[in-house]
1. For the range B:166-234, what are the per-bin percents of Cα-Cα distances with bins 5 Å wide, up to the bin holding the maximum?
2. Accessible area of the range B:294-340 with a 1.4 Å probe: how many percent of it is carbon plus sulfur?
3. Given the convex hull of the Cα atoms of the range B:4-206, what is a quarter of its surface area in nm²?
4. Find the sum over both chains of the accessible area lost when B and A are paired, probe 1.4 Å, and report it in Å² to the nearest 100.
5. From zero up to wherever the largest Cα-Cα distance of chain B sits, split into 20 Å bins and tell me the percent of pairs in each.
6. Please give every one of the lysines within straight-line cross-link reach of A:Lys52, meaning a C-alpha to C-alpha distance under 18 Å, and leave out same-chain neighbours fewer than 8 residues apart.
7. In whole Hz, what ³J(HN,Hα) sequence does the range B:328-340 give by Karplus (6.51, -1.76, 1.60; θ = phi - 60°), x for Gly and Pro?
8. If you average 1/r over every pair of different alpha-carbon atoms in the range A:4-82 and take one over that average, what Kirkwood value in Å do you get?
Amino acid sequence: MKFAAPKVLEMDTAMTLNQAGVGCDLRIHVLSGPGCERLRELGFCEQSQVRKLAGGRNLICSVCGTRLAISRELAEQVLVKAAG
Amino acid sequence: MSLPSDLAATIALIGNPNAGKTTLFNALTGENQRVGNYSGVTVEVKAGTFFTPHGRKLRVLDLPGCYSLRAGSPDERVAVAALAGELPGEPRPDLVVCVVDASNLERHLQLVLQVVELGLPCVLALNMIDVAERSGLRLDPAKLADALGLPVVALQASAGKGVLELKQALRFPLPHAVAARWLAPGVAPETARRDFINRLCELAARRPEAHQLTVSDRADGVLLHPLYGWVFFLGILLAGFWAIFGLARIPMGWIELGQGALGAWVRSLLAQGDLRSLLVDGVIGGVGGVVMFLPQIALLFLFIGLLESTGYMARAAYLMDGVMARAGLSGKAFLPLFSSYACAIPGVMATRTIHSAKERLVTIFVAPWMSCSARLPVYLLIVPLLLHEDEGSWKQPLVLFGIYTLGTLSAFVVARVLRGRLGPDATAAHFLLEMPPYRLPQWRYIMRHVLERAWAFVQKAGTLILGLSILLWALSTYPKSSGADGAEKLAHSAMGRMGVVLEPLVRPLGFDGRIGTAILTSFSAREVFNASLAILFRVEGAGDDQAQRGMLRAQLAAAKWPDGRPLFTPLAMISLLVFYIYALQCLPTVAVVARESGSWRWALGQLGFMTAFAWCASLLIYQGGRLLGLG
């Protein structure tokens with residue numbers, strides 16, 4: 001039990017791409033959901049860096065030098081952490 | 001002409017959307033396929049040939065862009081089938097050139113690895129090397145080639161740089177297929193590919209620092225802004241509208257003058273008789289009434305070409321997503337519908353980029369209600385007549401804007417109803433769109449494309465519309481009657497008799513047999529309506545024509561029912577405009593819809609629905625207006 005604590009903390013700091021603030025540099029933690037296959041093809045992979053450029057009805061993110069517009073439903077399937 | 005036997009090999013170009021495959025294809029073959037800075041401009045396989053430096057003739061296929069070989073949308077399935085050699089009439093390619101955007105290797109390499117895994121020999125073309133270098137990316141093609149085991153060529157296809165080197169790399173013997181060295185037993189292929197690419201990019205494509213704010217990012221800050229973005233969007237649309245309806249006046253005046261001079265010249269050469277009548281009334285009058293609109297059609301294609309080439313089209317789709325959602329569609333339907341303002345045929349074909357099959361069907365169904373350029377001549381003939389004025393007043397663009405809005409809004413309502421009835425998709429398709437970096441327009445390709453479309457329009461005027469004009473002239477001239485009165489002559493002719501048959505059908509809409517005949521002829525092409533009217537109404541006040549369209553309008557204004565009432569009352573003209581907004585009078589569109597939807601029932605249902613809707617809407621306007629005492 002002693003060793004479990006840090007891991008729980010780590011999960012707590014993860015948030016969905018929708019929750020992240022605009023202009024933040026983020027690192028993708030986990031992808032989960034029906035749309036994640038499509039997201040991976042577009043460069044949304046675990047460990048890649050993302051910057052959220054705009055929120056709203058559809059989000060705009062920059063991944064590997066490309067800007068992508070994705071819907072909120074898809075962004076909900078992307079768990080990110082602040083890039084440190 | 002070449003026989004298949006002298007072809008040395010078939011090469012396929014594949015890559016993610018917007019990686020520059022078509023630009024490379026054009027640079028290799030010297031052809032002029034349409035390119036745009038928007039994913040999904042190429043939706044079909046295009047083929048061409050070129051020679052290697054050693055004089056071997058190679059056949060090259062330009063495949064639609066795809067993100068993976070999993071094939072989600074129809075255009076991606078085409079690309080996958082082409083690689084497998086399953087396309088009818090196309091052999092399995094001997095070599096695949098994987099075109100990747102050098103500034104985006106992490107993403108684009110995914111597809112390259114999948115192609116290698118298929119066991120096809122590959123050459124890697126690192127395109128847009130200039131963009132990558134400007135963004136500070138440090139690329140090492142030699143290390144890439146070494147790690148992947150593939151020949152790698154760096155190029156900038158838009159400027160023709162590196163194309164010769166690529167041709168050198170395609171010399172014989174062609175490279176062999178290589179082993180997919182990243183695959184390992186016990187590791188999922190996706191994971192293996194991802195790890196391999198991450199290692200490779202660290203080695204051979206080092207980014208200076210994560211996320212530098214590029215010029216495009218800054219431009220997007222304004223152009224996608226919730227408020228300013230819309231201001232720019234509407235401003236751009238209005239500027240385009242103004243160019244098409246205001247600026248085009250100048251060259252249209254020249255055409256009009258030239259046509260009047262030509263008519264007067266022919267008139268002075270020939271004696272009164274059938275030949276003069278054929279040339280002046282049939283050929284010059286009929287074809288001229290259509291060629292007049294060449295500048296506007298060229299400007300419309302230029303406008304759409306500019307939006308695509310600069311990369312703004314994707315932003316427009318992003319902005320419009322919310323609006324389209326109200327019609328049950330997504331932002332992806334914006335480009336097909338917007339292109340349909342030029343012509344429904346490319347619009348219907350562009351729906352291939354829509355992932356959701358049902359959304360695609362609905363988009364195809366409503367696309368013809370975006371008023372296409374063929375309807376413009378009809379609108380431009382009728383609207384000034386409706387307003388009792390010459391061309392050029394500020395009210396006309398407003399009425400035209402209203403016409404376009406009515407068609408568009410009706411399309412959205414029908415789309416919403418239809419989308420609701422079709423139900424949700426089996427697998428949810430979410431909005432996902434790449435925003436390409438802004439680029440300067442590729443003027444050479446845009447101008448060539450505009451010239452091509454303008455030439456196609458002139459050809460149509462010179463062949464189909466010329467033939468129909470002569471036919472219409474003959475039908476309205478023969479059999480001849482002995483009477484001297486023009487109206488009596490027409491009534492006696494084959495066309496006049498046809499009009500009598502048609503009249504009961506169109507009379508409730510406020511049209512007489514002549515307008516009915518003109519509508520019937522416009523089912524071959526809508527522009528023919530003008531030519532038909534010019535021929536059918538020449539009997540009233542045929543004088544020397546200086547401004548052909550102005551004269552036609554004067555004749556139309558003077559046209560009367562047999563009992564002396566004016567024929568073109570405001571109400572009848574509105575009814576006519578409404579009919580043209582809604583009627584699907586374009587057989588080529590029906591054929592394309594049948595092919596794209598894979599169902600003749602869908603295409604014929606659309607034709608029947610739109611024709612019936614147009615008739616009912618016109619009926620409602622005319623009879624409703626009369627009940628209110630407007631007619």
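1. Per 5 Å bin, starting at zero, the Cα-Cα P(r) for the range B:166-234 comes out as 3, 11, 10, 9, 10, 12, 12, 11, 10, 7, 4, 1 percent.
2. After summing per-atom areas, the C and S share lands at 73 percent.
3. Averaged projected area of the range B:4-206's Cα convex hull equals 10.9 nm².
4. Chains B and A together bury roughly 2700 Å² of accessible area.
5. 18, 44, 28, 10, 1
6. List returned: A:Lys81.
7. Once rounded to whole Hz, the list reads x, 10, 10, x, 5, 7, 5, 4, x, 5, 5, 4, 5.
8. Values: mean 1/r = 0.0806 Å⁻¹.
The Cα-based Kirkwood calculation yields 12.4 Å.
The values are calculated or read from the model by the stated rules, or taken from the named source; none is laboratory data. On a predicted model such as this, the values are computed, not experimentally measured, just so you know. Because the Cβ atoms are built from the backbone with ideal geometry, glycine has one as well, and the counts that use them run over all protein chains shown. Surface areas here come from the heavy atoms of the whole protein model, side chains and all, with no ligands, DNA or RNA. Shrake-Rupley method; radii C 1.70, N 1.55, O 1.52, S 1.80 Å.
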